[in-house]
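Everything on this sheet refers to the single structure shown next.
The values are calculated or read from the model by the stated rules, or taken from the named source; none is laboratory data. These numbers were taken from a predicted model, which means no experiment stands behind them. All Cβ positions, even for glycine, are placed from backbone atoms using ideal geometry, and neighbour counts span all protein chains on display.
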């Protein structure tokens, strides 16, 4: 089975210097490729001088996370691609369990490792933790991370299982499936595009898995800080687009209306916290969501009527209302709608 580890880079020379050598060492004999999104920090020259064994793919402009990968992956002739963030520290034999999962089950289209915090290695990391889910209102949460609460890893989630989505920080996927799904949605630019892709994958009856025997450490926020209003904007806008595009529960309009109300509460919460730029980001996200309605509805029609389940409870209510902050305190994740 041909495997390629693909790292998207944009002005991330310091991250490449820190993490790439170990990726190259632990990924042998498989291909390692760096897709550069028109960096201006000397990344390309450093790559050519220090890692000529790595396949360098140069995009002509910064195409974002989605567009950068979609364009760069065209150059890779492989069976499995692993989308790996440039700020990820890999471990010994991290790649083998992911490959074995594809070999053993042809219905598995994508999977992720257990993702721990590179800065606090005893804890799960925000972007994916030990596998992602969507609650009944489309809010993402993870085994090991519910909203802003990051759990310590004591092996409590070391059982492999099917999940709703796998993290883009380290996403292994069959290239044939990636291409047949149209890749990542470039209109999302960055954030939640992997959730959207996994939602589309599951609508075709294919499986997304987490394989905790594979472990990586993600620095997180190295490209766009969690404190960035722009990140808040992308998360609110992209979540709405994703729901309208993919939901086939029969209650999509009601779901969007509920999200409008809940996002209004988020707006007020930001105001109360003195985070005016984040509050404004919520308003801009809704404005631009409405501006994309025609295009999103067109995509929705092309995807057809197949349904992929979400959890049948509100993670927002359980977390903020009932103060259940751990994944294992939530209703069973197999309770789906």
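Observations, loosely collected:
- Answer residue from the stretch 159-182, given it is surrounded by fewer than 20 Cβ atoms within 10 Å (Cβ to Cβ) and out of contact with any strand residue (DSSP E or B) (no Cβ under 8 Å at 6 or more places or on another chain) and is nearest to residue 67 (Cα to Cα) among those: 182
- Options 228, 311; residue that is over 30 Å from residue 203 (Cα atoms), surrounded by 15 or more Cβ atoms within 10 Å (Cβ to Cβ) and at pLDDT below 95: 228
- Residue within the stretch 114-128 that is touching a helix residue (DSSP H, G or I) at 6+ places or on another chain (Cβ under 8 Å), at pLDDT 95 or above and crowded, with 20+ Cβ neighbours inside 10 Å present: no
- Which listed residue, of 184, 171, is in contact with a helix residue (DSSP H, G or I) (Cβ under 7 Å, 6 or more places away or on another chain), closer than 22 Å to residue 235 by Cβ and in a strand (DSSP E or B): 171
- The set of residues in the stretch 243-264 that are surrounded by 13 or more Cβ atoms within 10 Å (Cβ to Cβ), part of a helix (DSSP H, G or I) and free of Cβ contacts under 8 Å to residues at least 24 places away in the same chain comprises 252, 256, 264.
- Lone qualifier among 278, 332, 307, 286 - being outside any helix (DSSP H, G or I) and touching a residue at least 24 places away in the same chain (Cβ under 8 Å): 307
- When the stretch 145-158 is filtered for residues that are touching a strand residue (DSSP E or B) at 6+ places or on another chain (Cβ under 7 Å) and in a loop (DSSP other than H, G, I, E, B), the ones remaining, listed by number, are 147, 151, 153, 157, 158.
- The set of residues in the stretch 28-43 that are assigned to a helix (DSSP H, G or I) and more than 15 Å from residue 14 (Cβ to Cβ) is empty.
- Note on the stretch 44-59: residues that are free of Cβ contacts under 8 Å to residues at least 24 places away in the same chain, surrounded by 14 or more Cβ atoms within 10 Å (Cβ to Cβ) and assigned to a helix (DSSP H, G or I) amount to 1.
- Test: residue in the stretch 22-32 that is surrounded by fewer than 17 Cβ atoms within 10 Å (Cβ to Cβ), touching a residue at least 12 places away in the same chain (Cβ under 8 Å) and over 24 Å from residue 80 (Cα atoms): no
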